[in-house]
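The values are calculated or read from the model by the stated rules, or taken from the named source; none is laboratory data. Predicted model only: the values in this text are computed from it and were never measured. Neighbour counts are summed over all protein chains in view; Cβ atoms, including those assigned to glycine, are modelled from backbone coordinates with ideal geometry. Ligands, DNA and RNA are excluded from the accessible area calculation, which covers all protein heavy atoms including side chains. Shrake-Rupley method; radii C 1.70, N 1.55, O 1.52, S 1.80 Å.
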Amino acid sequence: MYNFVKTLLLLFYKIFYKVTVINGEKIENAKGVVISGNHLSNHDPLLFPAFFDKKIRFIAKEELFKIPFIKQSLKATGAIPIKRGTFDRAAINYSIKLLKEGEVVGVFPEGTRSHSKELDLGQLHNGASFIATRAKTKIIPFAIIPSKNFRLFSEIKIVVGDEIDATSLKEEEKSHDEITAILMQAISDLIVKEK
């Protein structure tokens, strides 16, 4: 089912968008890490199974699992539903377990879509930092940069940055707020560089 949905998504994005992945090997070669970036659209978690061979288990708000096609795509790609506005212990613990087993988990630190045409980041939450430090692993930042707000036949860039050693930062007694700020800056730098 995963390969079938991956093929459908790839076909869809190849036909209706021009997608470019920059430094994708940083995710392809990763194991047991959190990837984290900006969140603009319901497209965001679906772009990764289409354009990455590495299976990425995105944490996605449970409301998305009620939307036709998106629901089936998220389930097929192993997305992890999470209840927004609460400390969803089950989703967090499951994500940590997956990371310890060597899987890659995707987290959108804004928690919800920013809807910013200027790609400004919204209010960030500490989920990526919390999960990465609990799993004793690293965070790889990424930025999704659409040229025309995901209009059909427009360009979309997925840019991957250098890993952030969340475990070492925690050992240096950095708070989750500070680690999240470092992540935010890394995502912002990717947007500024490639926009």
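For the reader, a short list of remarks on this structure follows.
- Cα gyration tensor, the stretch 1-117 - rounded (a/c under 1.5), prolate or oblate: rounded
- Computed over protein heavy atoms with a 1.4 Å probe, the accessible surface of the chain works out to 51 Å² per residue.
- Segment Asn126-Lys66, extension gain: residue separation times 0.36 nm, minus the distance between their alpha carbons: 19.0 nm
- Applying 0.36 nm per residue to the separation of Lys148 and Phe12 and subtracting their alpha-carbon distance, the gain on full extension is 47.2 nm.
- Lys136-Met1 pseudo-label distance in nm [points 7 Å out on the Cα-to-Cβ vector]: 3.4
- Two-site FRET efficiency, Lys31 against Glu171, from Cβ-Cβ distance with R₀ of 22 Å, rounded to 0.05: 0.60
- The chain: calculated mean residue ellipticity at 222 nm from DSSP helix runs of at least 4, using -39500 (n - 2.57): -12000 deg cm²/dmol
- Additional length obtainable on full extension of the chain from Lys54 to Lys83, 0.36 nm per residue less Cα span: 7.9 nm
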